[in-house]
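**Q** Dropping the structure in here first, questions after.
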Amino acid sequence: ARPEWDVDLKAQRAGSPICEVALVPSQLDFGTVARGFRRTMTANLINTGSGDCSFHSALVNDCGSSFFGTSCADPNNTPQLNGTSQYYKITRTPPAVQNGLKPGQSYPIEVTFTPPDSAPIFGDEMTLYAGLLAVRIIDPYSGSTVPVLYPRPAAGGSAYPPNLRAKSGIAQLAVLPSEVDFGLTTVGCHSQTISVTAYNVG
């Protein structure tokens, strides 16, 4: 029907290839998680550069469980490969393949938050469980095999802002009515329909 079809093409000259990645979204907010339960959320590791990148590993550190905690220690000093967090755990990462992250590609990273079994000293409402999710990337164009850490520290300093946030709480459920009595039901017939409502009062 249309032997000629005009298609707009757009390109951008990149010069030398660059390995650059980003975590999207930049922050995961787990909300309030009831003690005895856990919640998993996903951040996408995206290659925003013009060259290939090699995923090395991911880590998650606790940044203090204080309402006033706003920065995290330098994760470059983390001895454990997966981080030192008590509450956050990485449950899924990209494959550690050389040059496996192509420009524009993204891979999911899953993080699970498990609140402590007991209530914090200052209470659930005042305690924020802040954490830092970071990834180690090997830049094949740098000539070095030392992994580069993302995200980078805050501008103008060495502090890392937390990108994981969660609170804990108590799971409480109220069910009304508390008892259901269908009474006497004739064979071949059905009883009346009774609605039971569950309320989250936690």
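The values are calculated or read from the model by the stated rules, or taken from the named source; none is laboratory data. Keep in mind it's a predicted model, so treat the numbers as computed, not measured. Counting neighbours? That spans all protein chains shown, and the Cβs are built from the backbone with ideal geometry, glycine included. What goes into the accessible areas is simple: the full protein's heavy atoms, side chains included, and nothing from ligands, DNA or RNA. Shrake-Rupley method; radii C 1.70, N 1.55, O 1.52, S 1.80 Å.
**Q** What are the pairs with Cβ atoms under 6 angstrom where one residue, in the stretch 40-61, is within 30 Å of residue 129 (Cβ to Cβ) and the other, located anywhere, is among the basic types (Lys, Arg) and in a strand (DSSP E or B)? Sequence gap at least six, or different chains.
**A** Partner pairs satisfying both residue conditions: 56/136; 57/136.
**Q** Checking residue 87 against (1) surrounded by fewer than 18 Cβ atoms within 10 Å (Cβ to Cβ); (2) touching a strand residue (DSSP E or B) at 6+ places or on another chain (Cβ under 6 Å), which single condition isn't satisfied?
**A** Condition (1) is where residue 87 drops out.
**Q** Can you confirm whether the stretch 179-193 contains a residue that is within 38 Å of the chain's Cα centre (by Cα) and either surrounded by fewer than 10 Cβ atoms within 10 Å (Cβ to Cβ) or on the phi > 0 side of the Ramachandran plot (or both)?
**A** The answer is no, given that none of the residues of the stretch 179-193 is within 38 Å of the chain's Cα centre (by Cα) and either surrounded by fewer than 10 Cβ atoms within 10 Å (Cβ to Cβ) or on the phi > 0 side of the Ramachandran plot (or both).
**Q** Could you list all residues from the stretch 36-47 that are touching an Asp or Glu at 6+ places or on another chain (Cβ under 9 Å) and open to solvent by less than 50 Å² (accessible area, probe 1.4 Å)?
**A** The answer is 41, 43, 47.
Yes/no per residue for (1) free of Cβ contacts under 8 Å to residues at least 40 places away in the same chain; (2) within 24 Å of residue 103 (Cα to Cα):
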position	(1), (2)
3	yes, no
9	yes, yes
12	yes, yes
16	no, yes
19	no, yes
27	no, yes
34	no, no
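**Q** To continue, here is another question. Quick check: anything in the stretch 65-79 modelled with pLDDT of 95 or more and surrounded by fewer than 19 Cβ atoms within 10 Å (Cβ to Cβ)?
**A** Within the stretch 65-79, none of the residues are modelled with pLDDT of 95 or more and surrounded by fewer than 19 Cβ atoms within 10 Å (Cβ to Cβ).
**Q** Are any residues in the stretch 26-62 under 29 Å from residue 117 (Cβ atoms) and in a loop (DSSP other than H, G, I, E, B), and if so, which ones?
**A** 27, 35, 36, 37, 38
**Q** A further question on this structure: Just one of 160, 141, 150 is in contact with a helix residue (DSSP H, G or I) (Cβ under 8 Å, 6 or more places away or on another chain) and under 23 Å from residue 56 (Cβ atoms); which is it?
**A** Just one listed residue meets the conditions, 160.
**Q** Also, I was wondering about something else. Looking at the stretch 151-178, which of its residues are farther than 23 Å from residue 24 by Cα, at pLDDT 85 or above and open to solvent by 50 Å² or more (accessible area, probe 1.4 Å)?
**A** Once the filter is applied, which keeps residues that are farther than 23 Å from residue 24 by Cα, at pLDDT 85 or above and open to solvent by 50 Å² or more (accessible area, probe 1.4 Å), the stretch 151-178 yields 175, 176, 177.
**Q** Right, next: Which residue is surrounded by the fewest Cβ atoms within 10 Å (Cβ to Cβ), if the candidates are limited to the stretch 128-150 and must be within 19 Å of the chain's Cα centre (by Cα) and of a type in the set (Val, Ile, Thr)?
**A** By that ranking, first place goes to 137.
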